[in-house]
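None of the figures in this text is laboratory data; all of them are computed from the coordinates on show. Please read all numbers here as calculations on a predicted model, not as lab measurements. With ideal geometry, Cβ positions are generated from the backbone for all residues, glycine too; neighbour counts draw on all protein chains shown.
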Amino acid sequence: VECVVPEHVYKEPTMDSNFWWFIGYWLGNGWARNTQRNGRPDGQSWGQIVVCAPYTKADMLETRLNQLGLTWCKNEERTAVKFITSHKSLVEWMIENFGHYAYGKYLPSWCLSMNVDDLTHLFNGYLSADGSNPKRGGYSITSVSKQLSVGMRLVAERLGYASSLYYEERPPQHVIEGRAVNQRSTYTIHARLERNQTSR
């Protein structure tokens with residue numbers, strides 16, 4: 001779906017706590033497109049940011065996204081809701097700093113020196129997108145990107161959370177709803193969110 005916002009209404013979002021929550025959520029459950037636009041001269045590309053949520057989280061995500069001051073299209077699909085915005089410069093910045101595709105995302109080293117408040121919001125956004133239900137005060141977060149998983153574990157440690165990282169090798173294909181789909185091996189962070197934990 002091409003959801004193009006006219007260039008004259010592009011707005012640069014403020015890099016506040018809500019912005020960093022959005023970056024964390026996008027790292028866990030979003031992607032970016034930066035490709036040639038159909039029917040346009042060579043060199044003219046367009047950038048789209050896509051984030052999605054199950055229906056149980058769609059209202060919460062929509063409220064968060066609207067606080068960024070960007071214009072979003074909302075697509076309701078069978079199992080999830082997608083939110084799409086066009087913003088070429090933001091897409092280029094996100095890909096340059098955080099990578100592309102699920103397996104190619106990472107945290108840049110400068111994230112580890114962010115102030116604790118912004119870093120907490122980034123980590124909480126990632127938990128909101130990709131964290132499983134808490135068990136005994138902790139979360140499990142799974143990704144196919146080793147770089148992102150290592151980076152998020154370092155973030156958890158900097159925030160004072162006890163964490164561990166596990167690798168699970170998976171077969172190259174898996175059957176979902178009768179269809180064979182490709183899959184990658186995964187990395188899982190187990191993080192205890194109580195700051196008084198001392199074990200690692």
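For the reader, a short list of remarks on this structure follows.
- Pair His100, Ser185: separation of 7 Å Cα→Cβ label points (nm): 2.5 nm
- Subtracting the Cα-Cα distance of Val116 and Glu77 from their residue separation scaled by 0.36 nm leaves 10.4 nm.
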